[in-house]
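Presented below is the structure to which this report refers.
Every number in this text was worked out from the coordinates using simple rules, so none of it is lab data. This is a predicted model, so every value here is computed, not measured. Cβ placement follows ideal geometry from the backbone for every residue including glycine, while neighbour counts extend to all protein chains displayed.
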Amino acid sequence: MKVVAIHIAPGSRIPTHPVDAVQAEAGKGLVGDRYHGSRRRQVTVQSQEALDLAADELGHAFEAHATRRNITVDVGVVPAKPGTRLRIGDVDFEVVRDAAPCRLLDDWIGPGAMRALRGRAGSALRVLTTGTIRVGDSVAINPVQITTA
């Protein structure tokens, strides 16, 4: 699994724009993005493979940026289980929750987009370490670690 696109938007309802690299700040999010400084939803990640399945169901292709997610990986399932750890490039993340699609996607992508993206819209993550994320970086998934006393 590797990063194929990075998108950020400086505010709500402002179009996202692609970047080749972005600085992630621990506990804050992506520098320059609307969720920077948010407590829980700091970064969103989606899979192009899942978007392609949604496009097939929808009946037409759409660009990854239309979902307004920050990071798009090439293949695989982005974990949605809270506590799961991901490492993208040299930055560590923790899954907070599933990034459920909203009704606005029907306006931005087309009627039925919200339904087609249900279960395929990626996850919201919290940034655990500071570093730079670049297009082409590898992504590693570590399952939730259960500790016993």
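Given their separation in residues at 0.36 nm each and the Cα-Cα distance between them, residue 17 and residue 115 gain 32.8 nm when the chain is fully extended. Taking the fewest neighbouring Cβ atoms within 10 Å as the starting point, the ordered list for 109, 141, 6 is 141, 109, 6. Applying both filters, DSSP loop and at most 16 other Cβ atoms within 10 Å, to the trypsin sites (Lys or Arg not before Pro) of segment 72-117 gives 103.
In this calculation the C-beta distance from residue 25 to residue 4 is compared with R0 = 35 Å, giving a FRET efficiency of 0.95.
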